[in-house]
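Reviewing the structure listed below.
The values are calculated or read from the model by the stated rules, or taken from the named source; none is laboratory data. These numbers come from a predicted model, not from an experiment. Note that we place each Cβ from the backbone using ideal geometry, even for glycine, and neighbour counts take in every protein chain shown. For the accessible areas, the whole protein counts, side chains as well, though only heavy atoms, and no ligand, DNA or RNA atoms are used. Shrake-Rupley method; radii C 1.70, N 1.55, O 1.52, S 1.80 Å.
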Amino acid sequence: MPVIAVIGAQWGDEGKGKVVDMLAKKARVVVRFSGGDNAGHTVINPLGEFSLHLIPSGIFSSQTTCIIGNGVAINPTVLLKEIDQLNQRGVDTSQLIISDRAHLIMPYHILLDSLEEKWRGGQAIGTTGRGIGPAFADKVARLGIRAGELLDKEILRKQLRFILDYKNAILTKVHEVNPLSFDEVYRQYCQYGERLMPYIRETTEILETALHRDELILLEGAQGTLLDPDFGTYPYTTSSSPLAGEGSLGSGISGNKITGVLGVFKVYCTRVGSGPMPTELTDGTGDLIRETAHEYGTTTGRARRCGWFDAIAARFSNRINGFTRIAFTRLDILDTLPHLKICVGYQLDGKVIDFFPANIAALERCQPIYEELPGWQVPTTHIRQYQQLPPQARQYVERLAELTTCPISFICVGPEREQTIEVRPIL
Ligand code: GDP
Ligand code: IMO
Ligand code: MG
């Protein structure tokens, strides 16, 4: 019963979309299990280039059912736009299913996201502004509205009336902005319900059937491990868990059914938004990586902060996810560099440490200790066999895997589906 979770192992944007698209043709089901449209997953395949925010990256494989799982917070406006855009480009979305347990992002979530960021001032998280924090906060505060409620206008009316009164009190009394109109929001979400009705249903049964039939299920992660609210650089994190464990909770598959956890890492690090990043490069090398790789966010267009591979963070990421294999992406981006650095320890207050501190003030003070390796300085984008990679490139990825303590399955040498080297089978 192969169930493989594809997990962002760093701060997001590792290339999860590319990896899931590549694996999807063998999968019966792909489930997005966390996050919302803060995610931006880029897929480049024979059908073109696509930026997916909510729809699983398996959507291009015609025999694959794609589920937006219960762990996702859905903005219906964004989802409908995404469905329309895919359809206009000839991509069939009839295999898409939305869990009736998935929470909805409401207009007040988006408003509150920006008002709370403003209130934080210099301590702003640098969120994507998609209402993610307020929506997941409402989920656990039991003030959420779920996709299933779109199917019954009376239930929706009752829920919205009760919640919107409370949200309007916060908007007007705390933030001193105008309230939202019940009629407008209700009308809008009734329309969404009409359009999304064919997609919304119970989803755990489909997964159980696929498990019984021994069919491949992929659990598509969003964000990255170091943005996890428990284990990431709190409070500079997102608000749902990007970890492999959430692959179970956010889809409704028992944890003991997950047979493989593929950790997706860039061969360097990037981060969007605020918060500590020990290996960040604020010099010309950081700029060179950003420009070569076009490291600008898929969702917000913001410049991504770039830095060397952090093996301390990578080993921590492996510890809390239990990676069974690694996919390294963007090896080609390093093709021109004469030397590469890997962070193998931190100097903290005069001591050498080999762990990722929970305390962000301590993490801010960590100075990376680097190991330097030679670059290869030849193009790799055309290579498809591991042994054909330059010896320095093999030495580099093997050292990264050794420090992360996990074997490599894939190495990506370009954004396109086939620009991938299979080093060993995924299971
Ligand atoms: P995700 O959020 O994890 O799916 O990643 P994003 O799509 O936000 O960002 C990854 C970016 O890297 C996308 O633009 C991909 O097309 C691109 N990409 C993925 N793998 C490779 C690779 O091996 N080489 C290059 N040059 N680009 C890659
Ligand atoms: P994918 O799935 C990179 C970051 C934001 C911000 C923090 C909180 O494409 O890898 P949020 O809007 O979630 O409240 O913002 O998390 N962030 C991401 N960074 N990739 C993502 O998703 C991200 N989703 C959220 O930049 O720092
Ligand atoms: Mg992304």
Matching residues in region 26-49 - criterion: being closer than 17 Å to Val3 by Cβ and charged (D, E, K, R): Lys26, Arg28, Arg32
Some residue of region 215-234 being open to solvent by 10 Å² or more (accessible area, probe 1.4 Å), free of Cβ contacts under 8 Å to residues at least 40 places away in the same chain and either among the charged types (D, E, K, R) or more than 16 Å from ligand 1 (Cβ to nearest atom) (or both): yes
Single residue of Val261, Val177 found to be open to solvent by less than 30 Å² (accessible area, probe 1.4 Å) and either part of a helix (DSSP H, G or I) or at pLDDT 95 or above (or both): Val261
Per-region count, region 260-289, residues more than 15 Å from ligand 3 (Cβ to nearest atom) and either outside the structural domain of Val78 (by TED's automatic domain parsing) or among the β-branched types (Val, Ile, Thr) (or both): 6
Long-range neighbours under 9 Å by Cβ, at least six apart or interchain, first residue in the same structural domain as Phe50 (by TED's automatic domain parsing) within region 401-424, second of a type in the set (S, T, N, Q) and in a helix (DSSP H, G or I): Thr404/Ser317; Thr404/Asn318; Thr405/Asn318; Cys406/Asn318; Ile421/Gln388
Test for Thr404: is it under 28 Å from Lys25 (Cβ atoms), within 13 Å of ligand 1 (Cβ to nearest atom) and within 24 Å of the chain's Cα centre (by Cα): no
Criterion: touching a residue at least 24 places away in the same chain (Cβ under 8 Å) and open to solvent by less than 10 Å² (accessible area, probe 1.4 Å) - qualifying residue of Thr93, Thr42: Thr93
Whichever residue in region 342-362 is in a strand (DSSP E or B) and open to solvent by less than 70 Å² (accessible area, probe 1.4 Å) and, among such residues, is farthest from Leu23 (Cα to Cα): Leu348
Long-range neighbours under 6 Å by Cβ, at least six apart or interchain, first residue without any contact (Cβ under 8 Å) to a residue 40 or more places away in the chain and in the same structural domain as Gln223 (by TED's automatic domain parsing) within region 290-309, second among the β-branched types (Val, Ile, Thr) and away from ligand 3 (no atom under 13 Å from the Cβ): Cys306/Ile289; Gly307/Thr279
Sole exception among (1) touching a His at 6+ places or on another chain (Cβ under 6 Å); (2) of a type in the set (A, V, I, L, M); (3) away from ligand 2 (no atom under 13 Å from the Cβ) for Leu52, by number: (3)
Lone qualifier among Gln63, Gln10 - being of a type in the set (S, T, N, Q), open to solvent by 20 Å² or more (accessible area, probe 1.4 Å) and part of a loop (DSSP other than H, G, I, E, B): Gln63
Selection from region 192-230 of residues that are among the β-branched types (Val, Ile, Thr) and either touching a Phe, Trp or Tyr at 6+ places or on another chain (Cβ under 6 Å) or under 17 Å from Gly17 (Cα atoms) (or both): Ile217, Thr225
Residue count for region 128-148, restricted to those that are part of a helix (DSSP H, G or I), open to solvent by 40 Å² or more (accessible area, probe 1.4 Å) and under 23 Å from Met197 (Cβ atoms): 1
Every residue from region 282-307 that is open to solvent by 20 Å² or more (accessible area, probe 1.4 Å) and either in contact with a helix residue (DSSP H, G or I) (Cβ under 9 Å, 6 or more places away or on another chain) or not in a helix (DSSP H, G or I) (or both): Thr282, Asp283, Thr292, His294, Tyr296, Thr298, Thr299, Thr300, Gly301, Arg302, Ala303, Arg305
